[in-house]
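Structure first, commentary second.
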Amino acid sequence: MGASFTAGYTDGALFMAGQNNSFPNILANQFAGVGGGDFTQPLTNDNFGGLAAGGTRIAEPRLVFGGSTPVPLESVVGPVTVSTDIVLNNPTGPFRNLGVPGAKSFHLLSDSYGSLAGVGSYANPYFVRMASSPSATMLGDAMAQSPTFFTLSEMGANDVLSFAVSGGSGVDQKENLDPSTYGSNDITDPNVFASVFSNLVTTLTSGGAKGVVTNVPYITDLPHFTTVPYNPIPLDAGTASFLNSVAAYGTYNGGLQQAYAALQGSGLFTAEEVAKRTIKFVEGQNAVVIIDEDLTDLGGAINSAFAEIPKYRQATADDLLVLSSSSFIGTEAIPGNAQSINGVAVPLADQWVLTPEEQLAIKEATDAYNVTIKAVSDANDNIALVDLNTILSELATTGILYGDYTLNASLVTGGAVSLDGIHLTARGYSYMAYKFLEAIDTSFGANFIDSGNVPNPGDYPTNYAPTLQ
C-alpha cells in the first residue's frame, strides 16, 4: 500500500515497464524464491504512459531524455494514443499492489476515492481503475485479501509534496482536523496524519501480519527543487542598466524608499526589508524577480498611500525554484513583447518558487509525521522501519554506493531519481527494495542479504528509451 513510489511511477507517468520495476514487484520476485505467491498489479496497457477517461486524455505520457534535458515523449516520437482508460471494478483484480499515485494519507480511508463520478474533483483515477467498487477504500481492499505481509510506503510524502510542487500555493492546514475541507495542494495537519497512520498500521497488523513502513524524506532535497538555479538570468550591461532605470524597477525601488521614510519611526517597515525588496540587476548572472506573499503589505492597515507597492523581491540562494520553472523563465508574458520577460520584467508568481517560509512549513510537517511513524513502528514488534529520510539525504549529499554504481540525486545523471525530478528510476526502486529486504532481515530474522538473494542493480535501467512501447 502506498502512493506513486509503490505504484512504480517514474519519468512523470505510470507505464508498464515502470510498474514491473516497482519496488513491491521487485520484492515479490525475491519472495517467490522462498515460497511467495503471485503478485498482481493494475498494469497499464503500454509503455507510453498517460491516462484517459472515456477516450479523453487526462494525464500526459512519460518524459524521455532529449539529449540534454528531460522532454515529453511526443516531442521525440510524435503523437501517441493514450490507451489506458479508466475502468471501474477492473476484472483482473484484486490487486496485490495498491500503490495509487497522488494518494495522501487520509485518502487510504476514503470511501469516495475510487468513484468514477468523482474524477476531476476528489476521486483518484488510478484508484478508480483498481477499486473493487465505487465505495471501496484502499485499506478495505487490502484487508479483503487477508494479508500476511505488507509494505506501507511514503505515507505523508504526498501530504506535503503537492504543496511543494505548487510552489507553496496551498495552505498549511495545521490545527484543522477536517481533511474534507482541504484543498488539493494543502499540507495535512500532523494530528490528522497521526490518527490515519495509527489506524492503518493497527488494522493491517490486526490479523498478525508483519509489515515494513517508511518515514518521510525531506522532499526539498529532490532535484525537482534543486536543479533550477535562483540566478539563471544572463544580462549585458545595457539591459541591466535599463532594468534599474525609472522606466523599469527604479520607480518600484523609489516607492520602497518613500514608504520607509514615512514608516521609519513605526517599526512596521525595516531597513532590512527595504534591502531585501530592492531590485538591482548587474552585468552577468542575475536572480529572478519573484512575488513573495510573506513580505509586509505596505497598504491596508499600514498606510493606504503605499497600497500600490507590490510584494516583489529578487530570489536568493535560500529560495527553491520548481523544475517546471526552467521552461517558463525567460519566456514572454506578452508574445512579441521583449519587455515582458517572465522572471525579469514580469515577476514569478507563487507557483514557481518555494520561499524559506514555505520550506519551513514543509519541514515542520515532515518532522511531525516522522515522529508519529517512529513511535508507531517502535511500539509494534510486527513493524520494521525503512529510513527514507536518511536515504534521500545521502543521495543529495555524499551519494550512495550500490553494487558497482554510485547513485546520487542529480537530475538525469544521478541514476536514482527519474526525469520528473521526484520519483525514482528503476535502479532507484531496486535500491529501495534492497533496503526493505535489509529491514526484513534485521527485524524478522530473514536472511535475504546474507544469502545473496537480492536485486542486482545492473539489471535495472536508469532511463527508458523513447522507442519503448
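Given an 8 Å cut-off on Cα distances and at least 6 residues of separation, report the relative contact order of the range 157-273 as a percent. Don't skip to the end; give the middle numbers.
On the way: 69 pairs, mean separation 17.9, N = 117.
That works out to 15 percent.
Quick one: accessible area per residue over the range 133-201, 1.4 Å probe, rounded to a whole number of Å²?
On the way: 2550 Å² over 69 residues.
Per-residue accessible area for the range 133-201 comes out at 37 Å².
Using only alpha carbon pairs under 8 Å that are at least six residues apart, calculate the relative contact order of the chain and give it in whole percent.
Values: 930 pairs, mean separation 83.1, N = 469.
Computed value for the chain: 18 percent relative contact order.
Note the per residue figure in Å³ for the convex hull of the C-alpha positions in the range 1-148.
Once divided by residue count, the hull of the range 1-148 is 118 Å³.
Which of the peptides 249-261, 351-363 is most tightly packed, and how do the rest follow, judged by the mean count of other Cβ atoms within 10 Å per residue? Mind showing how you got there, number by number?
Numbers: 249-261: 15.9, 351-363: 19.4.
Going by the mean number of other Cβ atoms within 10 Å, highest first, we get 351-363, 249-261.
Taking every pair of alpha-carbon atoms in the range 167-297, give the share separated by more than 27 Å as a whole percent.
52 percent
Once Rh for the range 309-422 is found with the Kirkwood sum over Cα pairs, what is the Stokes-Einstein diffusion coefficient at 25 °C and 0.890 mPa s, in µm²/s? Numbers along the way, then the final one.
Working: Rh = 17.7 Å.
My calculation gives 139 µm²/s for D.
Using helices alone, what [θ] at 222 nm do you get for the chain, with -39,500 (n - 2.57) per DSSP H run of 4 or more residues, divided over all residues and rounded to the nearest 500?
Working: 16 runs with 145 residues, N = 469.
Taken over the chain, the calculation gives -8500 deg cm²/dmol.
By average Cβ neighbour count within 10 Å, what is the ranking of 185-192, 48-55 from highest down? Please list the in-between numbers first.
Working: 185-192: 21.2, 48-55: 18.0.
Those peptides, ordered most packed to least, come out 185-192, 48-55.
What part of the accessible area of the range 29-90, given as a whole %, is carbon or sulfur when the probe is 1.4 angstrom?
On the way: 1670 of 3140 Å².
Carbon and sulfur: 53 percent of the exposed surface of the range 29-90.
Using Cα pairs under 8 angstrom and six or more residues apart, how large is the relative contact order of the range 1-105, in percent? Intermediate values should be presented prior to the final figure.
Numbers: 177 pairs, mean separation 39.5, N = 105.
About 38 percent, as a whole number.
Mind listing the phi-derived Karplus ³J(HN,Hα) values for the range 137-153, rounded to whole Hz, using 6.51, -1.76 and 1.60 with θ = phi - 60°, and x for any glycine or proline?
10, 4, 5, x, 5, 6, 5, 5, 9, 6, x, 9, 8, 8, 10, 10, 10
Show me the three semi-axes of the equivalent ellipsoid for the range 141-239, from the C-alpha gyration tensor (sqrt of 5 times each eigenvalue), largest first, rounded to whole Å. Mind showing how you got there, number by number?
Details: eigenvalues 293, 62, 17 Å².
Ellipsoid half-lengths, sorted descending, are 38, 18, 9 Å.
At what distance in nm do the modelled label points of ALA247 and GLN351 sit from each other, each positioned 7 Å from its Cα along Cα→Cβ?
Between ALA247 and GLN351, the label points sit 3.1 nm apart.
By per-residue mean of other Cβ atoms within 10 Å, what is the highest-first order of 305-314, 341-350, 140-149?
In decreasing order of mean packing, 305-314, 341-350, 140-149 become 341-350, 305-314, 140-149.
Among the listed pairs LYS210/LYS435; LYS174/LYS276; LYS174/LYS311; LYS276/LYS363; LYS276/LYS311, which are separated by more than 20 Å between their Cα atoms?
Details: LYS210/LYS435 16 Å; LYS174/LYS276 28 Å; LYS174/LYS311 25 Å; LYS276/LYS363 24 Å; LYS276/LYS311 11 Å.
Long pairs (Cα-Cα over 20 Å): LYS174/LYS276; LYS174/LYS311; LYS276/LYS363.
Within the chain, which whole H helices from DSSP have a Cα span along their axis of at least 24 Å and a mean Kyte-Doolittle hydropathy of -0.5 or more, if any?
Numbers: long enough: 356-378 (32 Å, -0.39); 426-444 (26 Å, -0.04).
Span-like helices in the chain: 356-378, 426-444.
The values are calculated or read from the model by the stated rules, or taken from the named source; none is laboratory data. Computed from a prediction, not measured in an experiment: that's the story for all the values here. Backbone-built Cβ (ideal geometry, glycine too); neighbour counts: all protein chains shown. Ligands, DNA and RNA are excluded from the accessible area calculation, which covers all protein heavy atoms including side chains. Shrake-Rupley method; radii C 1.70, N 1.55, O 1.52, S 1.80 Å.
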